[in-house]
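In what follows, a single structure is set out as structure tokens and then discussed.
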Ligand SMILES: *Cc1c(COP(=O)(O)O)cnc(C)c1O
């Protein structure tokens with residue numbers, strides 16, 4: 001490995017160094033301001049991010065998990081309600097549902113795109129006979145779920161849609177940003193996300209101002225005005241330092257997403273002839289390649305071989321959430337989901353690497369295929 005730098009599945013430090021002077025300037029501005037929680041930087045970021053998504057309203061919250069929880073609560077999901085979602089996501093998606101006391105209902109994924117299958121959703125909605133209160137698709141790896149079809153199925157059964165956009169800041173369907181298709185959307189600004197802070201952060205977006213007003217109540221003790229709790233709220237606030245950093249990062253998001261797509265295009269070119277299953281994008285969809293997720297039944301062998309050459313890959317996610325002890329649902333069996341979890345391998349693909357790095361990974365994969 002000598003002479004090689006380690007390639008990482010994500011590199012938040014590179015994301016800081018790329019904009020270091022601007023970020024340090026933003027931090028100094030906040031330090032000198034005397035406002036540290038829910039102040040002018042948060043308000044300015046909320047406005048800028050809502051405008052970036054095409055217009056609407058945004059409320060900054062503490063992290064992506066709470067963004068999902070508060071978005072669901074703001075559109076009316078209550079204890080005991082049933083929420084249709086997927087199993088090949090980070091357990092945080094399910095934790096958000098359970099924090100409300102709501103019940104996750106798992107929907108099978110599409111075998112080629114690995115996001116929620118609208119046909120499977122329709123089947124679940126029909127089988128549940130109107131008991132599904134909300135549908136929570138995940139735009140996994142930065143590639144949009146099929147929102148027109150998912151929304152149509154949800155509307156037909158009286159369910160509301162909340163989008164988990166934690167991996168898909170800036171992804172679009174027919175020119176319209178993900179996050180704007182449902183009644184509300186949740187974003188994470190965890191440092192490794194496409195739009196990442198330098199600490200925890202999250203945001204709820206909605207085109208409906210009333211939804212965001214409810215999030216604003218819920219995120220701070222249910223306060224309508226100071227010291228007057230209108231509803232039973234909690235503490236889930238975004239701080240000024242993270243908001244100021246996010247304002248800087250937001251101005252670079254489109255360029256960085258374009259860079260991720262260029263790196264992905266290079267992987268597609270280099271790996272087209274291999275036995276790996278490469279990500280597919282539907283017509284009209286523009287993804288933001290949070291992860292470049294390939295599939296192979298020989299995942300562990302390839303992962304080990306690449307690691308020996310200084311290439312660290314991610315596995316998002318190795319286990320369906322419904323198989324993990326905290327969320328175990330023994331009656332759930334989704335073969336397409338389970339197979340995806342067994343086969344998926346995320347190659348380094350983020351703005352901290354170069355086309356030459358993609359070539360190095362691709363060469364290593366081609367060599368592995370020839371010699372195994
Ligand atoms: C990161 C992530 C979350 C959780 O976000 P946090 O900010 O870590 O709480 C939820 N859903 C998905 C799909 C994610 O990738």
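Okay, residues lined up against (1) surrounded by 24 or more Cβ atoms within 10 Å (Cβ to Cβ); (2) over 30 Å from residue 9 (Cα atoms):
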{"site": "87", "(1), (2)": "yes, no"}
{"site": "99", "(1), (2)": "no, no"}
{"site": "102", "(1), (2)": "no, yes"}
{"site": "120", "(1), (2)": "no, yes"}
{"site": "155", "(1), (2)": "no, yes"}
(request) Considering only the stretch 141-150, state which residues are in contact (Cβ under 8 Å) with a residue 60 or more places away in the chain and either part of a helix (DSSP H, G or I) or within 11 Å of the ligand (Cβ to nearest atom) (or both). (result) 141, 142
(request) Return yes when residue 226 is more than 28 Å from residue 150 (Cβ to Cβ) and either surrounded by fewer than 19 Cβ atoms within 10 Å (Cβ to Cβ) or touching a residue at least 60 places away in the same chain (Cβ under 8 Å) (or both) and no when it is not. (result) yes
(request) Name the residue, out of 306, 246, 250, that is crowded, with 17+ Cβ neighbours inside 10 Å, more than 22 Å from the chain's Cα centre (by Cα), modelled with pLDDT of 95 or more and assigned to a helix (DSSP H, G or I). (result) 306
(request) Among the residues of the stretch 125-140, write down those that are in contact with a strand residue (DSSP E or B) (Cβ under 7 Å, 6 or more places away or on another chain), part of a helix (DSSP H, G or I) and buried (at least 20 other Cβ atoms within 10 Å of the Cβ). (result) 125
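Can you pull out the residues in the stretch 261-280 that are over 14 Å from residue 349 (Cβ atoms) and in a loop (DSSP other than H, G, I, E, B)? Outline the logic, then answer.
Step one: filter the stretch 261-280 for residues over 14 Å from residue 349 (Cβ atoms), giving 272-275, 277, 280.
272, 273, 274, 275, 280 - these are the residues of the stretch 261-280 that are over 14 Å from residue 349 (Cβ atoms) and in a loop (DSSP other than H, G, I, E, B).
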(message) Scan the stretch 122-130 and tell me whether some residue there is in contact (Cβ under 8 Å) with a residue 12 or more places away in the chain and within 15 Å of the ligand (Cβ to nearest atom).
(response) no
(message) List the strands (runs of 3 or more DSSP E) inside the stretch 183-231, counting only whole elements, that have at least 1 residues being within 30 Å of residue 27 (Cβ to Cβ) and more than 16 Å from the ligand (Cβ to nearest atom).
(response) 202-206, 223-225
(request) Report yes if some residue within the stretch 62-80 is more than 17 Å from residue 160 (Cβ to Cβ), surrounded by fewer than 18 Cβ atoms within 10 Å (Cβ to Cβ) and within 20 Å of the chain's Cα centre (by Cα); otherwise report no. (result) no
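The values are calculated or read from the model by the stated rules, or taken from the named source; none is laboratory data. On a predicted model such as this, the values are computed, not experimentally measured, just so you know. Reconstructed Cβ throughout: ideal geometry from the backbone, glycine too, with neighbour counts over all protein chains shown.
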